[in-house]
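Inspection log for the structure reproduced underneath, given as structure tokens.
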Amino acid sequence: MSGLQKIKELKQRKVERAETEFRNAKKTLNELKIQYEAAVNESIRYTSWRIEEEDRLYQCIEKKILQLKQLDTLRERIALMHEKGAALNQKALELENSVEKAEKEKAKCQKALRKAEKDVEKYQLLIEETVKLARIFQERQSEELLDEFASARMR
């Protein structure tokens, strides 16, 4: 096996690794996009529900004379709902950042894959050129031997 052939095989393995990394990055990106969409939808649904629930609870406050303890309990519930809403928004933001990172990783892997494929092409062309030159050299040697043989017979 020639040195160029070995280099080509190494480059081909690099292409295979780059393809695997690219597929993995693409899969990760798709999964993160799905999670991001789910988090955004959950946050939107929760915010809508929370607003309705707050309105209902505030209406209860207005309609009834509540004991101080009941009022504190309602305030705590409302505060907890706000905290959960903030946590859901934070989760969506973090997933959005993860999606952006995954998109960058996918692009990086795709670029590496293209480079690896170009390297393999380059070495394939070098191998073909080397084979062609070897064939030409072989043909010239054969012609020279025939010329020498013909010259020797003429003498």
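Every number here is computed from the coordinates shown, using simple stated rules; none is lab data. What you are looking at is a predicted structure, and each value in this text was computed from that prediction instead of being measured. Glycine also receives a Cβ, built like all others from the backbone with ideal geometry; neighbour counts cover every protein chain displayed.
Would you kindly state how much longer the chain becomes between R17 and E31 on full extension, computed as 0.36 nm times their sequence separation minus their alpha carbon distance, in nm to one decimal?
2.9 nm is the gain from fully extending R17 to E31.
Taking springs between alpha-carbon atoms closer than 10 angstrom, which of T20, T47, T130 fluctuates most in the Gaussian network model of the chain?
Comparing T20, T47, T130 in a Gaussian network model of the chain, the most mobile one is T130.
Among [x] 62; [y] 56; [z] 33, which one is percent of Cα pairs over 27 Å apart computed from these coordinates?
[x]
Take the alpha-carbon centre of segment 114-155, take the same for segment 1-61, and report the distance between them in whole Å.
A separation of 52 Å, based on Cα centres.
Is it possible to state the helix-based mean residue ellipticity at 222 nm for the chain, with each DSSP H run of 4+ residues giving -39500 (n - 2.57), the sum divided by total residues, to the nearest 500 deg cm²/dmol? What is it? The partial results should precede the final answer.
On the way: 2 runs with 148 residues, N = 155.
My calculation for the chain gives -36500 deg cm²/dmol from helical runs alone.
Using a Gaussian network for the chain with springs between C-alpha atoms less than 10 Å apart, which of these wobbles most: R135, R50, R17?
Of the options given, R135 has the highest mean-square fluctuation.
Taking the Cα centre of the chain as the origin and placing charges on Cβ (Lys, Arg +1; Asp, Glu -1), which of L74, I34, Y46 is farthest toward the positive end of the dipole?
I34
Once both axes come from the Cα atoms, what is the angle between helix 3-63 and the longest principal axis of the chain, in degrees from 0 to 90, rounded to 10?
10 degrees
Of K63/K84; K64/K91; K26/K118; K11/K106; K91/K118, which sit over 31 Å apart, Cα to Cα?
Too far apart for the 31 Å limit: K64/K91; K91/K118.
Given +1 on the Cβ of Lys and Arg, -1 on the Cβ of Asp and Glu, and no further charges, what dipole in debye does the chain carry about its Cα centre, rounded to the nearest 20?
Roughly 220 debye, rounded to the nearest 20.
Note down the nm distance, to one decimal, between modelled labels 7 Å out along Cα→Cβ at Q110 and at I127.
In this crude label model, Q110 to I127 measures out at 2.8 nm.
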